[in-house]
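Structure first, commentary second.
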Amino acid sequence: MHKSCSMLPAFLALLLAAQLGLAQDKTPPNLEPLPEPPPPPPGYELDPSLEPQVTIIKRGEDIVEEYRINGRLYMIKITPRVGVPYYLVDPKGNGYFVRRDSLDEGFQPPMWVIHEF
């Protein structure tokens, strides 16, 4: 092997180290901290009663998470020890739960008739 070929990896490593050192020294001058975000407009304050309350229960080897808003149970997430998690969702709010393997399953956007010809 030629002597200059054996020095090539060392030279490339030295060049890369020099480039990394130069890149770290390029900080923009006169940086200012970001200002605080403005408060929400009147009427858009967060209502703590709309925050879901999550209760986590361990039943045997399964983990059960119950989601409530204003004390009403609307969703249950079950994470078995073996297998994928699944959900029990009350889609109509009448206390009858439907099993869903994911929250995207069966999603339907609201649709209204705006105008008929």
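If you take every residue apart from TYR86 with its C-beta less than 9 Å away from the C-beta of TYR86, what net charge results, scoring Lys and Arg +1 and Asp and Glu -1?
With Lys, Arg at +1 and Asp, Glu at -1, the net is +2.
Indicate the gyration tensor shape class of region 49-100 (rounded, prolate or oblate), computed on the Cα atoms with a ≥ b ≥ c the square roots of the eigenvalues: a/c under 1.5 is rounded; otherwise a/b larger than b/c is prolate and the rest oblate. Intermediate values should be presented prior to the final figure.
Working: a/c = 2.71, a/b = 1.49, b/c = 1.82.
Note, shape of region 49-100 comes out oblate.
Please give the residues of region 65-96, grouped as numeric ranges, whose backbone N is less than 12 Å from a label point set 7 Å along the Cα-to-Cβ vector of ASP47.
Output list for this probe position: 70.
Can you compute 3J(HN,Hα) from phi for each residue in region 47-56, using the Karplus curve 6.51 cos²θ - 1.76 cosθ + 1.60 with θ = phi - 60°, rounded to whole Hz and x for Gly and Pro?
With coefficients 6.51, -1.76 and 1.60, one gets 9, x, 6, 8, 6, x, 9, 10, 10, 9 Hz.
Throughout, read-outs are computed from the coordinates displayed, never taken from laboratory work. Everything numeric in this text was worked out from a predicted model, so none of it was measured. For neighbour counting, all protein chains shown are included, and Cβ atoms are generated from backbone atoms with ideal geometry for every residue, glycine included.
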